[in-house]
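The values are calculated or read from the model by the stated rules, or taken from the named source; none is laboratory data. Predicted model, so just to flag it, every value in this text is computed and none were measured. Here the Cβ positions follow ideal geometry from the backbone for every residue, glycine too, while neighbour counts run over all protein chains shown.
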Amino acid sequence: MKYLAFLAALVAPVAALSDPNPADWDAVLADAQGETVYWNAWGGSTTTNDFLAWVGSRVVEDFGVTLEHVKLTDTADAVTRVLSEKQAGEDSDGAIDLIWINGANFAAMKNADLLFGPYAEQLPNWALVDVAGKTVQSDFTVPVDGYESPWAMAQVVFVHDTADMPERVGSMAALLEWVKANPGRFSYPQPPDFLGTTFLKQVLVDILPDASVLVAPATDENYAEVTAPLWAYLDELTPYLWREGKAYPATGTAMFPMITDEEIDLSISFSPGAASTAIANFELPDTVRTFVLDKGTIGNASFVAIPYNSGSKAGAMVVANFLMSPEAQARAQDPAILGYGTVLDMEAISPDERAVFEGLDLGIATLTPAELGTVQAEPHPSWAVRLADDWASRYGVAQ
Amino acid sequence: MKTRRALPFLPVLTLIVMLGPVLAGLLGTVLPAFGHLPAAGLTGPTLAPFEALFAWVGLLRAVWLSVAVGVVTTVFALALVALITAGWSGTWVYRILERALSPLLSVPHAAAAFGFAFLISPSGWVSRAVSPALTGWDRPPDLLIVQDAWGMSMMAGLIIKEVPFLMLIMMASLGQIDTKRSAAIFQALGYGRVTGWLKTIFPLVYAQIRLPVYVVLAYGMSVVDVAVILGPNTPPTLSVQIVKWMSDPDLAMRLQAAAAALLQLSLVLGVLMFWRVGERVVGQLGAMWIATGSLGKSDTIVRVSALGAGVLGALMIALGLASLAVWSVAGYWGFPDFLPDQFTMRNWDRHAVGTMSALGETAIIALTVVLVALALTVGCLEAEYRYDLRVSSRGMWLLYLPLLVPQTAFLPGLQTLMLTVGADVGRAPVMFAHLVFVFPYVFLALADPFRAWDSRIGTIAAALGARPDRILWQVRLPMLLGPILTAVAVGIAVSVGQYLPTLLIGGGRIETLTTEAVALASAGDRRAIGVYGLMQTAAALIPFALALAVPAIIWRKRRGLRHG
Amino acid sequence: MDKGLSLQSVEITKDGARLLSLSEDIAPGEVLTIMGPSGVGKSTLLAFVTGTLGPDFEATGRVMLDGHDITHAPPYARRVGILFQDDLLFPHFSVGANLAFGLRPGGTKVQRLAKIEAALAEVGLAGFADRDPATLSGGQKARVALMRMLLSEPCALLLDEPFSRLDATLRSQVRELVFSHAKARSLPVLLVTHDAEDAAAAHGKIVSLLPI
């Protein structure tokens, strides 16, 4: 690891002479003054958008960095953008300075040398991050290597309306039984939507006796065998889905209105606090609660990365560092604001800061960190890609 | 004079400005379709992307859906507009329809589709109105109405949106035809209203509205936003699938998307050719029908049902819009409640800053683009008139290329082009990209009225000693004030509605009402959609209202310029 | 011949086929009537004289007006007035503004207004200057169109079936009015019509064009 960092330090100045050096933080702060950072981030959630706007107001106040939220419908659009710029030879002042990213998009950009770094572990607030307890140094099993910095933890929770479905279920097998007994009352977002694909992975992780095979990349040899139980499960489940599986919601957030409309009683979310936030915003009935499976559920970190051709790398690093500050993290965890899990180590921050976290009212539908239980690791991205493709040819063309 | 020397070259210049980006963008699509994408380390040529495309199990159905939606939508919308006009033009009913048109037209497609979806879905407004009192439902029935596999709700949604568009175009062209005299003649000959109109006036009108009809056809085949909201998803239409493949993290999928984009392009061209053949067949059948001398005995039933269908469609848009308005102020609103538990301005407060800055951006772009488009259009049409530079029908096809070529087929390539020539992302390039789409619409809206202007008036004016510039500014343009303002309103509505060009060419840095609304729409947040949908509608509605009101006020004492 | 309108060896072809060929002189105050069925090229001949011949046509020969060759002059410089079968008043102008449009430049505003008022009075339309042309009767419109044309002080007058839309009583009145005004101003008049009565009333030479 040290050797890698040394090698990177050797290579970096050759790659881009004018790039700021994250290790010299004072110089970064000086460079950042007056820069405008275009943060490309999914713009589908009003609460997230509001949080990003707040971040913008804070970094311009403290560091003179102007933050513009470029609202994406799909993070892959940003990947495309950087790729097009590289194709066109725009190597020094691309349109994107910061991307909310993880998983396959990160893997694609890292492999194609489209990212600036390593920088993450040189940021001052990295010292506060819970490196041991949170999956912040690997992203869907791909080593991060300092090319992206974490700012939120996400974990799968199931969202149910207790008025119609009073009891939680403890496993995917139990969920199948419940759906069969209550046809048309459950659905999941259509893969390759991020959350839809996560649902497939969650099924697989839960029904496999030993999920450790998923840590390594999927191979042509083991893929069919490993995933066979998943397809058997879905074959059994699909006829009992909402609309008999002939239509699926487009995204995870699109399922909240379906609960309110009484179209479904059970849904999933990747944000443990989202249900409480939605109740506060009139988007869900106050009878909604969340649960996790007995064996735990899949979780991962949300990161930000800086494209290699950003013209405001110093400003982007200042924003990335601010996102890991106790102030920003406590605000993100507040269910009235966002309800995202923190990436910080509670032991590393000051007692005053800790008190802020402990004082948060997590909301009626949010599980405590203890109740959230074990976090299951994300499978290697190659599984997700194959699962989504396979799902599309099996169920994406309903007859 | 400088302008006079430049004028003859304006049409050619305009064609280059319009076609250059499309052709360059298409090149940027053709190369990856044959496996050439150097940025991803792929070099062609290879047929592998097409092989992958044809191996996709959903292809046949996606292709069928695209074709069916385009053709069915166009046939129904055109028939409805023709029958309503045949049955009611010149009556007070038609004048009321004319007034209702602008609000209907200005509702953006995405907003209308959302409203429509909320109306017709099992848990929608119609269902709530009768539940549980009549139905006994305290939960909605599990019925696949929206996003049905046959694309019927999508067709319905498109038809109710295209009818106002074709209606507007038809009304504009009617102003150029002496319908009153023809009507007097066929009624004197004993023909029923509808039959007589279809036999004598429709052929004249269709000749004028032919290109807008093609645009409706091409649009219906390749529309993305409406298809995402109302269309099926297992599989979706071909265009939606292209967008899905384009946004796949796996860069190799872009090759398949490019191949599919070429397929989409050839589908659109193929169907347009098929439609042209169909026109001839219908024309000949029509001639035989005219020869039979049938006077039209069931005319009353036809005209009443056509009007009924049209009014129902208008009602759906209006109710959909009303539902957006209710959602924008809704607190908790569960099924089967007909109205929310409480009303709140919180949604508006939350989005106030965002909508205002987006509205400003939208207005700056739309106004600039439309003024440039209008100047180019008038310049081209006047050059054509003065120097007999009449664009051949093939030239006209080229001009409408941006409307007939699916946006997904050439916009990513266009983005690469703009970066290559060093054009920075930002507002100016976005305006340039909008111009590619806005100009044809402005031209389309203005060309027919401009050309149909009685050239004997020009002869008279010249004989009275007026030079060409004076004839243009003092006679022709004032006489065409109505059509010009309508063209401006159409152009603004088109600019306001642009999503992909704004996003791609603006590098995401340009936030208009539409880019914001579509981003929010992906999350299904109906309150935010309500706020942005209403703002979007207002941005397009006001220009249309002005296009109707301004000529009516300026020419209130000039009966000769008021049609209807 | 110095004064008058002279068509010298005019030959008009369309797509290589000869449409008409004509050599005629029209003295000031005289009327030359061109007769023939529709489609024979009567209006095309007038377009050639006004300088608005379409690109589909080719023409040879010369048009002389008061001794000047106007064959290639731009339409606005020819000083050839024309009346069509429709009045073609500018619908967006008042009656007065219609007349003002063609009024030759010169004079003060008061003088110009007086000229317009006098022209209206001359045809029995005194006080009509502010009227919307669409509110006039057919005969009134025809009179306004005539005066609009005369105020531009043309040196020749072309008439393209100008009376065919009027009913019988009105027709003879307007015809008399036009011819008398042309005579009074010593204008050469070129009339095309398919109506024998018009031709007879013109009291001039009649040329019949036949389909070629």
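Observations on the structure shown:
- Single unsatisfied condition, B:Leu230 versus (1) away from every other protein chain (no Cβ under 14 Å); (2) at pLDDT 80 or above: (1)
- Residues within the stretch A:191-236 that are small (Gly, Ala, Ser) and surrounded by 21 or more Cβ atoms within 10 Å (Cβ to Cβ), tallied: 2
- In the set (1) surrounded by fewer than 16 Cβ atoms within 10 Å (Cβ to Cβ); (2) over 30 Å from the mean Cα position of the chain (by Cα), B:Val17 fails one condition alone, (2).
- The requirement of being under 30 Å from B:Gly231 (Cβ atoms), surrounded by fewer than 16 Cβ atoms within 10 Å (Cβ to Cβ) and among the polar types (S, T, N, Q) is fulfilled somewhere in the stretch A:389-398, by at least one residue.
- Selection status of C:Ser43, surrounded by 14 or more Cβ atoms within 10 Å (Cβ to Cβ) and at the interface with chain B (Cβ under 9 Å from one of its Cβ atoms): no
Conditions (1) under 30 Å from A:Ala112 (Cα atoms); (2) aliphatic (A, V, I, L, M), marked per residue:
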| residue | (1), (2) |
| --- | --- |
| B:Gly196 | no, no |
| B:Thr200 | no, no |
| B:Leu204 | no, yes |
| B:Gln208 | no, no |
| B:Val213 | no, yes |
| B:Leu217 | no, yes |
| B:Ala259 | yes, yes |
| B:Leu263 | yes, yes |
| B:Leu267 | no, yes |
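- Selection of the stretch A:189-231 for residues being assigned to a loop (DSSP other than H, G, I, E, B), in contact with a Leu (Cβ under 8 Å, 6 or more places away or on another chain) and within 14 Å of chain B (Cβ to nearest Cβ) yields A:Pro189, A:Pro191.
- Looking only at the stretch C:125-175, and only at residues there that are within 12 Å of chain B (Cβ to nearest Cβ) and of a type in the set (Lys, Arg), the one that is nearest to B:Arg559 (Cα to Cα): C:Arg131
- The set of residues in the stretch C:94-113 being of a type in the set (A, V, I, L, M, F, W, C) and more than 21 Å from the chain's Cα centre (by Cα) consists of C:Val110, C:Leu113.
- Only residues that are without any contact (Cβ under 8 Å) to a residue 60 or more places away in the chain and under 19 Å from B:Val488 (Cα atoms) were counted across the stretch B:544-561, and they come to 3.
- Residues considered: B:Tyr532, B:Tyr499. Of these, the only one that is touching a helix residue (DSSP H, G or I) at 6+ places or on another chain (Cβ under 6 Å), within 11 Å of chain A (Cβ to nearest Cβ) and surrounded by fewer than 24 Cβ atoms within 10 Å (Cβ to Cβ) is B:Tyr499.
- Count of residues meeting criterion [of a type in the set (D, E, K, R) and at pLDDT 90 or above] in the stretch C:181-212: 3
- Filtered by the rule that a residue be at pLDDT 90 or above and in contact with a helix residue (DSSP H, G or I) (Cβ under 6 Å, 6 or more places away or on another chain), the stretch A:349-364 gives A:Ile349, A:Glu353, A:Val356.
- Scanning the stretch C:74-129 for residues that are of a type in the set (A, V, I, L, M), in contact (Cβ under 8 Å) with a residue 12 or more places away in the chain and under 20 Å from B:Gly458 (Cβ atoms) gives C:Val80, C:Ile82, C:Leu83, C:Leu88, C:Leu89, C:Leu99, C:Ala100, C:Leu103.
- Checking the stretch C:113-133 against the condition returns no match, with no residue being among the acidic types (Asp, Glu), within 25 Å of C:His68 (Cβ to Cβ), modelled with pLDDT of 90 or more and not in a helix (DSSP H, G or I).
- Any chance A:Val79 is over 24 Å from A:Pro326 (Cβ atoms), in a helix (DSSP H, G or I), among the β-branched types (Val, Ile, Thr) and facing another protein chain (nearest Cβ under 8 Å): yes
- In the stretch B:330-354, residue nearest to A:Asp261 (Cα to Cα) [restricted to those that are in contact (Cβ under 8 Å) with a residue 40 or more places away in the chain and either hydrophobic (A, V, I, L, M, F, W, C) or surrounded by 22 or more Cβ atoms within 10 Å (Cβ to Cβ) (or both)]: B:Phe335
- Selection status of B:Val518, more than 14 Å from chain A (Cβ to nearest Cβ) and part of a helix (DSSP H, G or I): no
- Qualifying residue in the stretch A:34-50 (condition: more than 24 Å from A:Ser271 (Cα to Cα), part of a helix (DSSP H, G or I) and in contact (Cβ under 8 Å) with a residue 12 or more places away in the chain): no
- The condition (being over 27 Å from C:Lys141 (Cβ atoms), within 14 Å of chain B (Cβ to nearest Cβ), in contact with a helix residue (DSSP H, G or I) (Cβ under 8 Å, 6 or more places away or on another chain) and of a type outside the set (D, E, K, R)) is satisfied by just one residue among C:Phe84, C:Phe57: C:Phe57.
- Listed by position, the helices (runs of 4 or more DSSP H) inside the stretch B:79-190 whose residues that are outside the structural domain of B:Val488 (by TED's automatic domain parsing) and under 28 Å from B:Thr234 (Cα atoms) number at least 1 are B:109-120, B:125-129, B:152-174.
- Per-region count, the stretch C:87-106, residues more than 7 Å from chain B (Cβ to nearest Cβ) and not in a loop (DSSP other than H, G, I, E, B): 6
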